[in-house]
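Contents: one structure, followed by commentary.
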Amino acid sequence: MNSAIILAAGISQRMGTLKPLLDWGGQPLVRYEVEQLWQAGADEVIVVLGYRADDVSRQLRGIPCRIMFNPRFQLGRAGSLRIGAKAANRDADRILILDVDQPRPASFLRTLYEAHTPEADYTIPVHNGRRGHPVVVAGRLREELMRADDATEGLRGILRAHQDRHTEVDAGDLLDLTFNTPEEYQAARDRFFAAVR
């Protein structure tokens, strides 16, 4: 079973506007990401919201996903990861973890799901010798994800503890596409839609 968690609870302070609601190909970014995850083979999609959760959840009406709320979203993303992991099906074999500012097409996400083997603790995309996002974590690490803590670097700390049992997959040049400012958003959008056309 393929689970997916979108972390979309933050304030988007440097962006100046809420990232999940940014236009991405004519629809809100968070809705685009949910749709791509379903197309990639997800069996469930969990979206963790926090800041302006009502505004974001309205944009997800009519599309299947489970919305969770992180009331302490301002304290860091590990809290959102814990909430998302707890909501994930305990029978999940693979849990894909995606930050809302890391849009990827279904083909990229499907490659990650398919590359993850039962022997691996996690699968991470690479390109030209660099690692990127998102990551697929083995379902057996769900309880570790539920204990993620910002003091121990959250997801990064968990991956470090399991680095001897991971798989890498070349996922192409959208590997490092992310954004925090309006300028980075515009550049990311131009690059993304040039690549997926």
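Which order do Thr178, Thr152, Thr167 take when ranked by solvent-accessible area (1.4 Å probe, heavy atoms of all protein chains), largest first?
On the way: Thr178 65, Thr152 90, Thr167 35 Å².
The residues order as Thr152, Thr178, Thr167, largest area first.
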query: Sorting Glu33, Glu114, Glu143, Glu44 by accessible area (1.4 Å probe), largest first, what list results?
result: Glu114, Glu143, Glu44, Glu33
Total charge dipole magnitude, the chain, about the Cα centre, Cβ charges on Lys, Arg, Asp, Glu only, Debye to nearest 20: 440
message: Taking just the alpha-carbon atoms of the stretch 96-184, what radius of gyration and Dmax come out, in angstrom?
response: 13.2, 41
statement: Along the dipole axis of the stretch 4-82 (charges at Cβ: +1 for Lys and Arg, -1 for Asp and Glu; origin at the Cα centre), the most positive-end residue among Leu29, Pro64, Gln39 is Leu29
message: Compute a Gaussian network model of the chain, connecting alpha carbons closer than 10 Å, and tell me which residue from Ala85, Ala161, Ala171 fluctuates the most.
response: Ala161
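Helix by helix, which DSSP H runs in the chain go 24 Å or more along their axis at the Cα atoms and have an average Kyte-Doolittle hydropathy of 1.0 or more?
On the way: long enough: none.
Qualifying helices: none.
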Trypsin sites (Lys or Arg not before Pro) lying in DSSP loop within the stretch 22-89, provided at most 10 other Cβ fall within 10 Å: Arg61
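Find the eigenvalues of the gyration tensor of the Cα atoms of the stretch 38-90, then list the square roots of 5 times those eigenvalues as equivalent ellipsoid semi-axes, largest first, in whole angstrom.
On the way: eigenvalues 74, 49, 11 Å².
They are 19, 16, 8 Å, listed from largest to smallest.
Is the shape of the chain rounded, prolate or oblate, going by the alpha carbon gyration tensor and its root eigenvalues a ≥ b ≥ c, with a/c under 1.5 for rounded and a/b larger than b/c for prolate? Walk me through the intermediate numbers first.
Working: a/c = 1.42, a/b = 1.14, b/c = 1.24.
Rounded, because the longest to shortest axis ratio a/c is under 1.5.
With a cut-off of 8 Å between alpha carbons and a minimum separation of six or more residues, what is the relative contact order of the chain in percent? Don't jump to the answer; show the numbers that get you there.
Details: 382 pairs, mean separation 46.9, N = 197.
Relative contact order comes out at 24 percent.
To two decimal places, what compactness ratio does the stretch 145-197 give when its Cα radius of gyration is scaled by 2.2 N^0.38 Å? It would help to have the intermediate numbers written out before the result.
Numbers: Rg = 15.6 Å, N = 53, 2.2 N^0.38 = 9.9 Å.
This ratio for the stretch 145-197 stands at 1.57.
The values are calculated or read from the model by the stated rules, or taken from the named source; none is laboratory data. Since the structure is predicted, the reported quantities are computational estimates derived from the model, not experimental observations. Because the Cβ atoms are built from the backbone with ideal geometry, glycine has one as well, and the counts that use them run over all protein chains shown. Accessible surface areas use protein heavy atoms only, side chains included; no ligands, DNA or RNA. Shrake-Rupley method; radii C 1.70, N 1.55, O 1.52, S 1.80 Å.
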